1. Given axes a ≥ b ≥ c from the Cα gyration tensor, I'd like to know whether region A:157-221 is rounded (a/c under 1.5), prolate (a/b larger than b/c) or oblate.
2. Pairs to check: A:Lys322/B:Lys68; A:Lys93/A:Lys196; A:Lys97/A:Lys180; A:Lys94/A:Lys331; B:Lys46/B:Lys90; A:Lys93/A:Lys322. Give those whose C-alpha atoms are more than 24 Å from each other in this structure.
3. Which lysines, if any, have their Cα less than 25 Å from the Cα of B:Lys108, not counting same-chain residues under 8 positions apart?
4. Averaging the inverse of every distinct alpha carbon separation and then flipping it gives the Kirkwood radius. What is it for chain A, in angstrom units?
5. Name the residue farthest towards the positive end of the dipole of chain B from the options B:Gly55, B:Thr72, B:Tyr83, assuming +1 on Cβ of Lys and Arg, -1 on Cβ of Asp and Glu, about the Cα centre.
6. Along the charge dipole of region A:240-287, Cβ charges K/R +1 and D/E -1, which of A:Phe246, A:Thr279, A:Gln264 sits furthest on the positive end?
7. Using a 1.4 Å probe on the protein heavy atoms only, what accessible surface does A:Asp310 show? Give it in Å² to the nearest 10.
8. At 1.4 Å probe size, with no ligands or nucleic acids counted, give the accessible surface of A:Thr324 in Å², nearest ten.
Amino acid sequence: MVHDLLESFIVMSVFFISLIIRGDKDEHAVLCNEDETYDLKIADTSNLLLFVPGCKTPDQLPDISASPQLVHAQIWGFSNCYWELRRQRPRLKKLKKLLMENPYDGPAVGMQEEAPGPKYTMDDLLERIQASREEIEAHLQNVHACEIDGFWRILDFDYEMKLLGHVTQLVDSESWSFSKVPLSVCLEELGSLEPKSMIEHCLNCYGRRYSNEDGQVIYALDEDKVCRATAQLLLQNAVKFNLSEFQEVWQQSVPEGMSARLDQLRGLALLDRSSKPETISLLRIEDLPEDTLERFNSLFSLREKWTQDDIEPYIQDLCGEKQTTGALLTKHARSSVQNGVKVYNSRRPIAT
Amino acid sequence: MVQIVISSKAGEGPAEWLLVELQGEVVSRQNTGLAGNLMGDLHYTKEGVPVLIVGHHILYGKQVKLEKPFETMETNQENPTSYTVSALIKKKLIFKTRPKPIITNVPKKV
């Protein structure tokens with residue numbers, strides 16, 4: 001615990017850039033440098049560790065051809081315990097939770113000011129999230145957050161889809177190629193509907209930015225991201241969908257020329273091929289628990305037996321530095337063969 | 001939440017210290033405490049083997065490079081939520097062998 005840290009302690013580490021220890025009183029302390037997060041665990045040894053400043057080892061001493069030398073060295077102190085660092089995935093679920101307290105759904109209408117609600121600057125986030133700055137910045141990008149008036153805001157999903165809709169409709173009416181969407185024209189044509197910064201933010205989230213030979217800023221829309229977001233919009237309105245009906249509606253809803261494919265939905269939706277008719281439902285990885293054990297319990301209570309292919313997108317982020325999903329499954333699940341297919345179920349009884 | 005900043009002293013890198021690891025406990029002869037007392041003598045043989053003489057015991061050890069270096073840190077007096085790295089430890093002398101008593105006066109056979 002953070003409040004247990006001793007006045008002077010020893011840490012096993014290999015770097016020197018600015019390090020920060022973060023944690024609430026009841027959280028386990030983590031150590032962060034610019035882009036990594038480490039768990040801090042106290043370790044003790046039955047051996048006595050003595051610290052001797054400046055004490056030399058044989059390779060550092062001159063050749064003893066001359067008379068023997070007596071060097072006085074002082075033991076600075078001793079200890080039986082030390083702190084060990086272990087790289088861990090940062091705890092970022094809290095970040096989205098904080099930003100969802102007050103999602104942004106467009107500029108205030110008319111003379112009204114934006115409704116009051118909690119807002120967080122980057123410094124506020126660094127104060128609250130147990131992760132390094134770079135990890136926080138990367139996650140902000142993943143959740144499509146943007147900085148508005150110095151505060152980091154997550155967009156209300158319907159608003160985000162509204163922005164995307166404006167862009168895709170313009171692409172269609174101008175008959176542009178999806179990979180050649182000019183920023184300046186978008187801002188000109190759509191700037192009257194929504195703030196230009198929001199239009200540009202939408203393009204940044206759903207496309208890849210580049211410059212053409214004339215130095216103009218162009219975007220290449222990402223088909224997978226656009227189709228995936230469209231699927232989420234459809235799926236979030238019902239508990240379950242008939243799979244084939246969903247696929248039809250989905251294909252019709254995505255911009256003409258884009259292909260909606262089920263593999264775009266990994267980590268977003270779960271297919272049930274055992275039911276008749278086959279169904280699909282929304283299951284987002286970000287809605288599942290962050291802790292490994294809790295995640296597995298949650299997944300097994302949703303479905304008793306999983307194939308590796310189905311469960312993989314929902315456990316991928318739990319893997320340690322050199323761990324594979326296979327290793328995770330071996331550790332946390334029990335396998336069996338059902339209808340010639342290898343399936344995994346919980347190691348302990350789960351209420352379904 | 002608490003944020004504790006750890007930094008190394010500006011300019012110079014941290015000093016390098018040596019870790020000496022012993023199996024067991026070191027106590028002072030008359031239980032007067034360890035601070036300020038002479039612990040013992042550290043010698044190196046021609047082959048570079050560290051030899052530690054504590055009281056009337058002799059211990060042989062070896063020099064080991066630490067897989068994961070240690071850093072020592074101290075709190076800042078003015079700012080309790082800030083630590084400075086005082087030293088870096090990359091190697092240690094470990095004494096794992098059983099201490100042998102040194103007998104200096106062997107009585108002659110009568």
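1. prolate
2. A:Lys93/A:Lys196; A:Lys97/A:Lys180; A:Lys94/A:Lys331
3. Those lysines meeting the cut-off are B:Lys100.
4. Across chain A, the inverse of the average 1/r is 24.8 Å.
5. With unit charges placed on the Cβ atoms, the residue in question is B:Gly55.
6. A:Thr279
7. It works out to around 50 Å².
8. Looks like 80 Å² after rounding.
The values are calculated or read from the model by the stated rules, or taken from the named source; none is laboratory data. Source: prediction; values computed, not measured. Cβ sites come from the backbone with ideal geometry, for glycine too, and all protein chains shown count toward neighbours. Heads up: the accessible areas ignore ligands, DNA and RNA and are worked out on the full protein's heavy atoms, side chains in. Shrake-Rupley method; radii C 1.70, N 1.55, O 1.52, S 1.80 Å.
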